[in-house]
1. Collect the residues in the stretch 90-122 that are within 15 Å of residue 6 (Cβ to Cβ) and within 23 Å of the chain's Cα centre (by Cα), keeping them in residue-number order.
2. Could you please let me know if residue 76 is closer than 29 Å to residue 212 by Cβ, of a type in the set (S, T, N, Q) and modelled with pLDDT of 90 or more?
3. Which residue out of 242, 249 is at pLDDT below 95 and farther than 30 Å from residue 105 by Cα?
4. Going through the stretch 70-82 one residue at a time, which ones are over 17 Å from residue 3 (Cβ atoms) and either in contact with a Lys or Arg (Cβ under 9 Å, 6 or more places away or on another chain) or in a helix (DSSP H, G or I) (or both)?
5. Filter the stretch 69-125 down to the residues that are touching a strand residue (DSSP E or B) at 6+ places or on another chain (Cβ under 8 Å), of a type outside the set (A, V, I, L, M) and under 17 Å from residue 31 (Cα atoms) and list them by number.
6. I'd like to know if the stretch 94-117 contains one or more residues that are free of Cβ contacts under 8 Å to residues at least 12 places away in the same chain and under 18 Å from residue 33 (Cα atoms).
7. Given the options 124, 108, name the one that is modelled with pLDDT of 95 or more and assigned to a helix (DSSP H, G or I).
8. Tell me which helices (runs of 4 or more DSSP H) are completely within the stretch 155-268 and hold 1 or more residues being under 23 Å from residue 10 (Cα atoms) and small (Gly, Ala, Ser), or say none if there are none.
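The values are calculated or read from the model by the stated rules, or taken from the named source; none is laboratory data. This one's a predicted model, so the numbers in the text were calculated from it and none came from an experiment. Please note: Cβ atoms are built from the backbone with ideal geometry, for glycine as well, and neighbour counts cover all protein chains shown.
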Amino acid sequence: MTELLVVANETLGGRRLHDVLAQKAKTNPSLLIRLVIPQSRPRRGSVIYLQSVRDVAQVRLELALEMLRDAGYEVTGEVGDFDPFQATMDAIGDHKPDEIIISTLPAAASGWLRRDLVERVAEASGIPVQHVISEFGDEDDDPPNDTTLVVATRTASSPELTGRLSEIAAQGGTGGHLFIIVVPQPGGHGGAAAEAREHLDAALTRLRDAGLYVAGLIGDPDPFTATMNALQFFRISRVVISTLPETRSGWLRAELIGRVRRYAACPVEHIVASSSDAVTAN
């Protein structure tokens, strides 16, 4: 069996990378693909929720594994160190791959290339390294799947939200629609992360039971910051924000929907969940 180590982050869904993987698998039916996703830090908000930072890479990994397995690949993966060189070398030491693919944005947009990642890995490992450049905005290289960002907390498992996301997935045809759910933490108290994680886990279970490709993470306590961080980290085609009715929603009183619409470069949709259908009271 030939083991191929693929190191990627933002470009993981690019068509060029997928085309290279398809060609590798065609010439080597026993190919094992091992993904390594280095972590990256948000530009907004307080970076004190280290688990949330790791969740970003974990979301990319889970979605990529699910889609590649459905495409027939034998694939596994892991979240790596913040330093992409260290993440790659750790994986090389653990798994001894036969070859390596490093996928990046073009030089002008890639911090990895500014740190000479490809050359350093090739020199340090002695393993063949192929560099794949993804240039999003070129329709030949744009991700094959649309991705919807879902922002919700106490309404994350509501039937209204599940129903709307199922409609979006059905409209996507055979390409496979991806959903990333972000659950902002309800404040900065000690149990906030655990509470957000409960809401997230319940939502993931409900949406996966509905047959959706979905992964998720907990976010910054400020829902606007949590949304902006997610828009920075992922290539999003639509944002869906779910709240309780206006009389019970702090997000609506803080004009979250309008603020996100002013900054997001994609459509922003608002779903209202009735209090009786929400998993817990808002």
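1. 90, 91, 100, 101, 102, 103, 104, 112, 117
2. The answer is yes for residue 76.
3. One residue alone meets the criteria, 249.
4. 70, 79, 82
5. Matches in the stretch 69-125: 69, 73, 74, 76, 77, 95, 96, 97, 98, 99.
6. The answer is yes; a qualifying residue exists.
7. Of the residues listed, the single one that is modelled with pLDDT of 95 or more and assigned to a helix (DSSP H, G or I) is 124.
8. Correct list: 159-171, 223-233.
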